[in-house]
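Colleague: Before I ask anything, here is the structure I am working with.
The values are calculated or read from the model by the stated rules, or taken from the named source; none is laboratory data. Predicted model only: the values in this text are computed from it and were never measured. Glycine gets a Cβ as well: all are built from the backbone with ideal geometry, and neighbour counts include every protein chain shown.
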Amino acid sequence: MPSNAPSPSAPAAVLCGLAGWVPSRVVTNDELAERLDTDDTWIRTRTGIRRRHLADPGQATSDLAVEAGRLALRSAEGGSGDGSADTVIVATTTPDRPCPATAPLVAARLGLDGAAAFDVGAVCTGFVYGLATAAGLIASRVAARVLLIGADTYSTIVDPLDRANAIIFGDGAGAVVLRAGHPDEPGAVGHVDLGSDGAHEDLIMVAAGGSRRPYAHGGEPTPAQRHFAMRGREVYRHAVTRMAASARTALDRAGRKTDDVDHLVPHQANLRILHSVADDLGLPRERCVANVDSVGNTGAASIPLALADAAARGRIRPGDRLLLTAFGGGLTWGSCLLTWPSLPTHPQSERTTP
Ligand code: COA
């Protein structure tokens, strides 16, 4: 297996800014139970989720991304005196529109005129794919400073009357700034594993609105085809096996063992999935970073939101060794190693803590 170690002569992507942002509207399990045939106990025991934040009508993914992006740039400014970025990547499944991408608008609203800007579509794995993309752009010297934002408004694609999915997803955005640095310094994006299996595209899907079943040309979709659909049980099984296998691959490539990991930071799909991944890896569950209870599954935003929340609480500290792992529709998966750097501020904490 190739080691995919960053070349010692190439610059590494080093984390220097971090922030999370969630909309102010909190929706509890009890509130959902008022309109759905469900209850707080069922939701908590099956998913570990107690509440989630949902966007207001008219609030789009770019609105959330801009808030998180602005805070992350401010955080990076405190660290290295430069609040700019030459590249903006938005990982999302819920772009403002099918065309154009959301990232150029976000860049413009942040005053990053002329920055390269594009979206990454890897569903809930989007943030890890984005990290790998940013690392590649920095290593090849195409970019020197990347603002990577994971942002999703699943409330815009989930049927609010679909009790299986409406209980799981929340809206939010998380962002990091990556600068060119040295592979050995804390914050350097380390060994990465990425993968996919499109044969299972039907497990997580919005069927209509793309070129396969376009809204244009009179092809009126059914309500079910317009909405997000997921085969929950099968997804659960794949999520555990794929995240655990990918995490192992990243560790193998780095010549590390699970004992070397201080914190596992998985995509916040569902608390049972997170614990099963930790169990599979032989890691104590206490080493698993989780904030799914208070934000739900926020798609591409979930890992940076979990990082921002854990850093703000002092749960992860400079020098700690982190293993990030994600899984999402596609199917896609990915993992990455990272030693936590010293970051100046975590201004997102008021919005993500209970
Ligand atoms: N409240 C009450 N009952 C519900 C419910 C809800 N919100 N949603 C589903 N049910 C019912 C089902 O209708 C089913 O009833 P039946 O046995 O009478 O047919 C029963 O609960 C079991 O449904 P099932 O889907 O098999 O439950 P589950 O234990 O697999 O839990 C999920 C459902 C969605 C919580 C679970 O499959 C899951 O977490 N999957 C992964 C989802 C995820 O994290 N996706 C993101 C990956 S990126």
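Colleague: Could you check the range 221-246 and list, in sequence order, the residues that are more than 20 Å from Val158 (Cβ to Cβ) and touching a helix residue (DSSP H, G or I) at 6+ places or on another chain (Cβ under 6 Å)?
Modeller: Passing the criteria: Val240, Met243, Ala244.
Colleague: Residues of the range 274-288 being surrounded by fewer than 23 Cβ atoms within 10 Å (Cβ to Cβ) and either of a type in the set (Val, Ile, Thr) or within 11 Å of the ligand (Cβ to nearest atom) (or both), which ones?
Modeller: Ser276
Colleague: When you check Arg272 against the structure, is it farther than 27 Å from Ile168 by Cα, in contact (Cβ under 8 Å) with a residue 24 or more places away in the chain and out of contact with any Leu (no Cβ under 8 Å at 6 or more places or on another chain), yes or no? Break it down stepwise before answering.
Modeller: Details: farther than 27 Å from Ile168 by Cα: no; in contact (Cβ under 8 Å) with a residue 24 or more places away in the chain: yes; out of contact with any Leu (no Cβ under 8 Å at 6 or more places or on another chain): yes.
Taking the combined requirement at face value, the residue does not satisfy it.
Colleague: Filter the range 169-194 down to the residues that are small (Gly, Ala, Ser), more than 17 Å from Ala254 (Cα to Cα) and either part of a loop (DSSP other than H, G, I, E, B) or touching a helix residue (DSSP H, G or I) at 6+ places or on another chain (Cβ under 8 Å) (or both) and list them by number.
Modeller: Gly170, Gly172, Ala173, Gly174, Ala175, Ala180
Colleague: Pick out, from the range 22-101, the strands (runs of 3 or more DSSP E) lying fully within it that include 2 or more residues that are surrounded by 17 or more Cβ atoms within 10 Å (Cβ to Cβ).
Modeller: Once the strands (runs of 3 or more DSSP E) in the range 22-101 are filtered for at least 2 residues that are surrounded by 17 or more Cβ atoms within 10 Å (Cβ to Cβ), what remains is 51-53, 87-91.
Colleague: Being more than 18 Å from Thr339 (Cα to Cα), out of contact with any Phe, Trp or Tyr (no Cβ under 9 Å at 6 or more places or on another chain) and not hydrophobic (A, V, I, L, M, F, W, C) is the filter here; which residues of the range 289-325 pass it?
Modeller: Asn291, Asp293, Ser294
Colleague: Can Gly255 be described as away from the ligand (no atom under 16 Å from the Cβ), farther than 20 Å from Val176 by Cβ, over 15 Å from the mean Cα position of the chain (by Cα) and not aliphatic (A, V, I, L, M)?
Modeller: So Gly255 fits the description; yes.
Colleague: Moving on. Specify the residue that is nearest to the chain's Cα centre (by Cα); the eligible residues are those in the range 59-101 that are modelled with pLDDT of 95 or more and over 20 Å from Gly130 (Cα atoms).
Modeller: Ala60
Colleague: While we're on this one: Take the residues in the range 164-194 that are within 13 Å of the ligand (Cβ to nearest atom) and either among the hydrophobic types (A, V, I, L, M, F, W, C) or at pLDDT below 95 (or both), then tell me which one is nearest to the chain's Cα centre (by Cα).
Modeller: Phe169
Colleague: Identify the single condition in (1) within 12 Å of the ligand (Cβ to nearest atom); (2) out of contact with any Asp or Glu (no Cβ under 7 Å at 6 or more places or on another chain) that Gln225 does not satisfy, given that it satisfies every other one.
Modeller: The one condition Gln225 does not meet is (1).
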